[in-house]
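Each remark here refers to the structure printed beneath this line.
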Amino acid sequence: MSVPLQILVDADACPVKDEIYRVAWRHEVEVKVVSNSRLRVPEHPLIERIVVSDGFDAADDWIAEAANARSIVITADILLADRALKAGATVLGPNGKPFTMASIGPAIATRAIMADLRAGGDQIGGPPPFSKADRSQFLQALDRALVRMKRG
């Protein structure tokens, strides 16, 4: 028997949890909602709440260890995306943009530059506000990723 598909959600700041549940139910795929604190999740056999310690990166560590080629990881965390990609997972940001082996290096470099600028006292804006278009793009990207993985 093959390893089942799973969606691993870096849930503490994820704005698309409801969308993930809807797509997962339609495709009958397990979802593991990983967080440092107890979050409300639907009572459903496909949804599992994983509460890890509040240690630094505990949720990221759990997700990175659970990720494999049959996983879709949902995260905005670039360093977690890198770890999940190295484990063979498909990785999507909450805006639907995929992280890939080709895009992760430049994303990590940009993150480091922005951290240096902030540390130097520069006032730099954050990401644009999450929009309906982001939500729609995410739904389409997750659906496409699941269809692609089901086909093998």
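Details
- Scanning the range 75-93 turns up no residue that is among the hydroxyl-bearing types (S, T, Y), over 10 Å from the mean Cα position of the chain (by Cα) and either more than 21 Å from A109 (Cβ to Cβ) or not in a loop (DSSP other than H, G, I, E, B) (or both).
Matching residues to (1) in contact with an Asp or Glu (Cβ under 7 Å, 6 or more places away or on another chain); (2) hydrophobic (A, V, I, L, M, F, W, C); (3) more than 24 Å from M149 (Cα to Cα):
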position: V23; (1), (2), (3): yes, yes, no
position: H44; (1), (2), (3): no, no, no
position: W62; (1), (2), (3): no, yes, no
position: I72; (1), (2), (3): no, yes, no
position: I113; (1), (2), (3): no, yes, yes
position: R118; (1), (2), (3): no, no, yes
position: Q123; (1), (2), (3): no, no, yes
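- The set of residues in the range 11-60 being of a type in the set (A, V, I, L, M, F, W, C), part of a strand (DSSP E or B) and under 16 Å from A84 (Cβ atoms) consists of V31, V33, V34, I50.
- You will find that of I113, I124, I108, I104, the residue that is buried (at least 16 other Cβ atoms within 10 Å of the Cβ) and over 19 Å from E30 (Cβ atoms) is I104 and no other.
- Options P4, P45: the member that is under 30 Å from G152 (Cβ atoms) and either aliphatic (A, V, I, L, M) or at pLDDT below 95 (or both): P4
- Sub-7 Å Cβ pairs linking a first residue in the range 115-130 that is under 30 Å from K17 (Cα atoms) to a second residue that is surrounded by 10 or more Cβ atoms within 10 Å (Cβ to Cβ) and at pLDDT 70 or above, at least 6 apart or interchain, are I124/M114; I124/L117; I124/R118; F130/P15, ordered by first then second residue.
- Residue satisfying condition, being within 21 Å of K17 (Cα to Cα) and in contact with a Lys or Arg (Cβ under 8 Å, 6 or more places away or on another chain), within set D60, D134, D54: D60
The values are calculated or read from the model by the stated rules, or taken from the named source; none is laboratory data. If you're wondering where the values come from, they're calculated on a predicted model, not measured in any experiment. Here Cβ is always computed from backbone atoms with ideal geometry, including for glycine, and neighbour counts include all displayed protein chains.
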